[in-house]
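Heads up: the structure comes next, in structure tokens.
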Amino acid sequence: MFSMVAFLCRIVLYFAPAIIAHHRRHQNSGAIFLVNLLLGWSIIGWIACFAWACSGNTRRVVILPPERYR
């Protein structure tokens, strides 16, 4: 049981840059996931993905007020 929890924690930590990019609605979240998948095993690749995910290149979400029907 402990080994399964440890394995899931490692997977979440490995994909942390992709999760952060998706949560922040980064414009290049797909590319960040791909680079993280391929180069995340190296510490330099993981740090680069993490820095890229934390950069300010995010999409703005505009919430419009609901239309009023008469």
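Condition check: β-branched (V, I, T), at pLDDT 90 or above, open to solvent by less than 90 Å² (accessible area, probe 1.4 Å) and in a helix (DSSP H, G or I). Does I32 satisfy that? Spell out the reasoning first.
Working: β-branched (V, I, T): yes; at pLDDT 90 or above: yes; open to solvent by less than 90 Å² (accessible area, probe 1.4 Å): yes; in a helix (DSSP H, G or I): yes.
Yes; evaluated as a whole, the condition is true for this residue.
Can you tell me how many residues within segment 42-68 are without any contact (Cβ under 8 Å) to a residue 24 or more places away in the chain and open to solvent by 100 Å² or more (accessible area, probe 1.4 Å)?
We begin by selecting, within segment 42-68, every residue without any contact (Cβ under 8 Å) to a residue 24 or more places away in the chain; these are 42-45, 47-48, 51, 56, 60, 62-68.
With open to solvent by 100 Å² or more (accessible area, probe 1.4 Å) added as a condition, the list becomes 43-44, 60, 62-68.
Total meeting the criteria: 10.
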**Report entry** Long-range neighbours under 7 Å by Cβ, at least six apart or interchain, first residue under 12 Å from L37 (Cβ atoms) and of a type in the set (A, V, I, L, M) within segment 7-21, second open to solvent by 40 Å² or more (accessible area, probe 1.4 Å) and in a helix (DSSP H, G or I)
**Finding:** A18/F33
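The values are calculated or read from the model by the stated rules, or taken from the named source; none is laboratory data. All values reported here derive from a predicted model rather than from experimental measurement. No Cβ is skipped: glycine too gets one built from the backbone with ideal geometry, and neighbour counts run over all protein chains shown. Note: accessible area is taken over every heavy atom of the protein model, side chains too, but ligands, DNA and RNA are not part of it. Shrake-Rupley method; radii C 1.70, N 1.55, O 1.52, S 1.80 Å.
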